[in-house]
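Asker: Questions regarding the structure given below will be posed in turn.
Where a number appears in this text, it was derived from the coordinates with a stated rule and is not lab data. Here the structure is a predicted model, which is why all the values come from computation and not from measurement. Here the Cβ positions follow ideal geometry from the backbone for every residue, glycine too, while neighbour counts run over all protein chains shown.
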């Protein structure tokens, strides 16, 4: 029985790894070789020529950078905006707080996909189509992040704050010095989810951008694939080039990422 | 916090201002704008004629629209249960004491960080006939006789299988991690007590582990249903919605109507229907959770 | 207190840095011609004075060409820029699948290019949407002589007596064959032409002979199973039978010559499933011909350039065989259009039409990609005559059956015809069933 478990576990691991291994192996094959069996992929000749071609002749690196840059902008700004809002929602007793809470909560129910068509019109009226701004700003409002952070702030005892206030600290100082450090785990968790969400955002960039200097990976990759469907080597090089940087990042920050993801389930 | 009432209001407003600004401009305002658009014939270039409820009437009679809603539903119905089962199985694997524990955790999660485009195109090439990975492997182990091919992406049923398998592989990582951490939160004493009572492995799993996982299962189920309902890119890349539009999800239809057929008004009306459906699903989630808690 | 102030400052700084970083990024836009900031830059350019003392004009040009087409177009643009120091054309390559949507939206936003490409089949739609400007005035000014164009192609670019586009080519659907394989099967004559009886049975016999004589690995006929290429073949055969498009002359209703449509569809379905001369659902049909594992192949003339640059591929090109009553094939043509801009600039428009006319005049370069030039005079140029294969199919230009000028051409094709014909090719519908459903769908598209 124990052996069955072990073999099954290893089988599942191989199943999950295999498509990626295949992607890597095909990407270093020499182009134009006749593939008649699976074995052919895993035997030489290998070549890196296509890598050079893709990196120098397409804008894939630029698009990877765009994806990354936009995801970082979106993540940092979303965190800032949501942390500020979540903090006052939890700790500052202002008028209409209940109303505000429901107003924000209502936003949870509005799926981005449903407002996409009018959003396009709005962005067009504002003249921010085809710009980094147009890619970043429309996705910043995250009621989800506010609600999660608010519940984290709720968990911080008020007397802790009052003692700081006695010392004469302002609200901003309390927010930055006490609140933000205390909610770090939640911030990390939301940062990861936001980053991945932006990294994979396809529809909005797809609709709002025509300039190929501004493409992100999800919208840029299909334009390359359409030109190269005759051979697997180029598509796999494209896939690999687009994936390696994020994979390296993952391996470096694996512990934090896994922790952040597991935390997101508790409040989500 | 104690502070002057007025000061508190001003403080709150200042802190909320960045959020309210983007929230209003890019969520609330488009919602309102969408209502207007759905009552017009509206092209990519300009607002045309007022058509009243024409777009909505058309929608209720539009078989293509309801078919696409159904396709998104099929996708939800196939993937959600499989996602839960697979995530639990993987979590059980990675939760066992083994030297490979870390390796398992990484390997099950790593597909989740791929870009949706990479995952979709990988899916396309994996399931391609003649030269794709799956058929080549099946030929190699002689499960598929020479000269026979499985057309994964051209037959509706097979296409759903291929799309679902790809989606499971690509996205199960998140749910797997959630289950894994929930399992690790179960105290060892609970297991030890059960073992002392002479419970078998499977009894421990069904009687102890699974019930203790039920809160996280509820969360995952609802998140999964809503997320799956919005499926688009992997289907768009792998089958293009075909054959005969039989795998076309609702988001693809909305996009085609708005940006390919140049009919933003009608697309807005369909977006509203999608909004209502998601609203009902969310309401259902709220209701189910609250009822359970009341019990 | 001081410490917290410091943090506040840091926070604000960080915030504004990110904002400005994200904002500044939009300058990445410059050099493309899509954004308003860039329009400003272009106008600045416009105002600058070159050494000759004339104003220099910069034009943004959106194209949908990739592969060999893309390279040849870029080569033409470079040559033009060199010849015309006062005009600089900047090429933006868009993906063809998204090209028209992007063009329409950009023109709607006032971010459109100065020059664009349109297929003649898409032209009615673009005119209807107000994307394309009239050319008559500016063409006269630039001295364009409309009589030098192939009148058949030109006619498709004139609506109500007004010119809207400058055609630069015709690209019909033709047949390619692998000489080595045909020879192996004994189906190649001394001149290197296929031995093929031009009839319904003759073509089938030709293909079945290929199937019998050639190794099993070789596909007699490489053809996609879905969408464009099999549709084009159907259109060709339907037109050979005398079928006349699928819409009525007044463009308001679906009108299919059912018997002919079914006969053509049946013929192709049989090639797939009865005679089994086409590999079913083959995603690599293009590659198969290219790597010499397919005996014949049918697609648009643009493949000529690709085959030529393939080592060890000995191929020939010819018109689609006359399977039925009269010679006919599918085809379309690329035209140059001047999209409507926010602010009309006569100097730019004149430069743009000069460029368009130059492209047509220098069709011998464009013909390298395989296309048939739109000006007959180009056929007489030595440079064109030196190109192999092209003369084998130049005649096809006159047998192309263009679609009628409906504003819904592409919707009819993509949403109605592909959809049901694909089912016929997959053997999931009988031709009769497929065609009748297709007619209903065409009607639906037209009445929407």
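Asker: If you take the C-alpha gyration tensor of chain A, multiply each eigenvalue by 5 and take the square root, what semi-axes do you get, largest first, in whole Å?
Answerer: 43, 26, 16
Asker: While we're looking at this one, here's another question. Among C:395, A:198, B:68, which comes first, second and so on when ranked by fewest other beta-carbon atoms within 10 Å?
Answerer: Taking fewest neighbouring Cβ atoms as first place, the list is C:395, A:198, B:68.
Asker: Can I ask one more? Consider just the alpha-carbon atoms of segment A:1-47 and return their Rg together with their Dmax, both in angstrom.
Answerer: Reported Rg and Dmax, both Å: 14.6, 46.
Asker: Give the distance, in whole Å, between the Cα centre of segment B:24-103 and the Cα centre of segment B:152-196.
Answerer: 22
Asker: Separate question: What percent of all Cα-Cα pairs in segment C:160-228 falls into each 10 Å bin, going from 0 up to the bin containing the maximum distance?
Answerer: Calculated over all Cα pairs of segment C:160-228, the distribution is 16, 38, 22, 11, 10, 2 percent.
Asker: Oh, and also: Between C:331, C:97, C:112, find the one with the highest GNM mean-square fluctuation for chain C; connect C-alpha pairs within less than 10 Å.
Answerer: Comparing C:331, C:97, C:112 in a Gaussian network model of chain C, the most mobile one is C:97.
Asker: Sticking with this structure for a sec: May I ask for the Kirkwood hydrodynamic radius of chain C, worked out over all distinct Cα pairs and given in angstroms to one decimal?
Answerer: Working: mean 1/r = 0.0416 Å⁻¹.
In chain C this quantity evaluates to 24.0 Å.
Asker: Let me ask something else about it. One quarter of the convex hull surface, Cα atoms only: what value does that give for segment B:201-295 in nm²?
Answerer: Working: hull surface 35.9 nm².
Seen from a random direction, the Cα hull of segment B:201-295 projects 9.0 nm² on average.
Asker: What ranking of C:291, C:121 emerges when the number of other C-beta atoms within 10 Å of each C-beta is taken as an exposure proxy, fewest first?
Answerer: Values: C:291 17, C:121 20.
In order of increasing Cβ crowding within 10 Å: C:291, C:121.
Asker: Let me ask something else about it. Give the Kirkwood hydrodynamic radius (Å, one decimal) of segment B:76-249, defined as one over the mean of 1/r across all pairs of different Cα atoms. It would help to have the intermediate numbers written out before the result.
Answerer: Working: mean 1/r = 0.0555 Å⁻¹.
Evaluated on segment B:76-249, it is 18.0 Å.
Asker: Right, here's the next one. From the gyration tensor of the Cα coordinates in chain B, what semi-axes in whole Å does the equivalent ellipsoid have, largest first, with each one equal to sqrt(5λ)? The partial results should precede the final answer.
Answerer: Details: eigenvalues 305, 224, 62 Å².
One finds semi-axes of 39, 33, 18 Å for chain B.
Asker: Give me the percent relative contact order of chain B, please, defined on Cα pairs under 8 angstrom at least 6 residues apart. It would help to have the intermediate numbers written out before the result.
Answerer: On the way: 296 pairs, mean separation 88.4, N = 295.
After rounding, I find 30 percent.
Asker: A further question follows. Just to be sure I follow: if Rg is taken over the C-alpha atoms of segment A:43-109 and Rh is the Kirkwood radius over the same atoms, what is Rg/Rh? Don't jump to the answer; show the numbers that get you there.
Answerer: Details: Rg = 22.9 Å, Rh = 16.2 Å.
Reported Rg/Rh, Kirkwood definition of Rh: 1.41.
Asker: Here's a follow-up. Sort out for me the Cα centre separation of segment C:400-438 from segment A:6-64, rounded to whole Å.
Answerer: 38
Asker: Sticking with this one: Semi-axes of segment C:261-393's equivalent ellipsoid from the Cα gyration tensor, sqrt of 5 times each eigenvalue, largest first, rounded to whole Å? Let's see the in-between values first.
Answerer: Details: eigenvalues 251, 79, 50 Å².
Working from the Cα gyration tensor, I get semi-axes of 35, 20, 16 Å.
Asker: Report, to two decimal places, the Cα Rg of segment C:339-448 normalised by 2.2 N^0.38 Å (N = number of residues).
Answerer: 1.57
Asker: Which whole-number percent gives the relative contact order of chain C, counting Cα pairs below 8 Å spaced six or more residues apart?
Answerer: 23
Asker: In Å, the Kirkwood hydrodynamic radius of the protein assembly as shown over pairs of distinct alpha carbons? Mind dumping the intermediate values first?
Answerer: Details: mean 1/r = 0.0320 Å⁻¹.
Averaging 1/r across every pair of different Cα atoms and inverting gives 31.2 Å.
Asker: Show that you can apply the helix-only estimate: for the protein assembly as shown, add -39,500 (n - 2.57) for every DSSP H stretch of four or more residues, divide by all residues, and state [θ] at 222 nm to the nearest 500. Spell out each step's value before the answer.
Answerer: Numbers: 46 runs with 579 residues, N = 1011.
The per-residue figure over the protein assembly as shown is -18000 deg cm²/dmol.
Asker: Continuing with this model, one more query. Give the order of B:10, C:424, C:323 when sorted by the count of other beta carbons within 10 angstrom, beginning with the fewest. Please report the intermediate quantities before stating the final value.
Answerer: Working: B:10 12, C:424 26, C:323 21.
Listing B:10, C:424, C:323 from fewest to most nearby Cβ atoms yields B:10, C:323, C:424.
Asker: A follow-up question, please. Under 8 Å for C-alpha pairs, at least 6 residues apart: give me the relative contact order for chain A, rounded to a whole percent. Walk me through the numbers before you get to the answer.
Answerer: Values: 231 pairs, mean separation 89.9, N = 268.
That works out to 34 percent.
Asker: Any idea how far the Cα center of segment B:233-249 sits from the one of segment A:192-244, in Å?
Answerer: Centre-to-centre distance over Cα atoms comes out at 18 Å.
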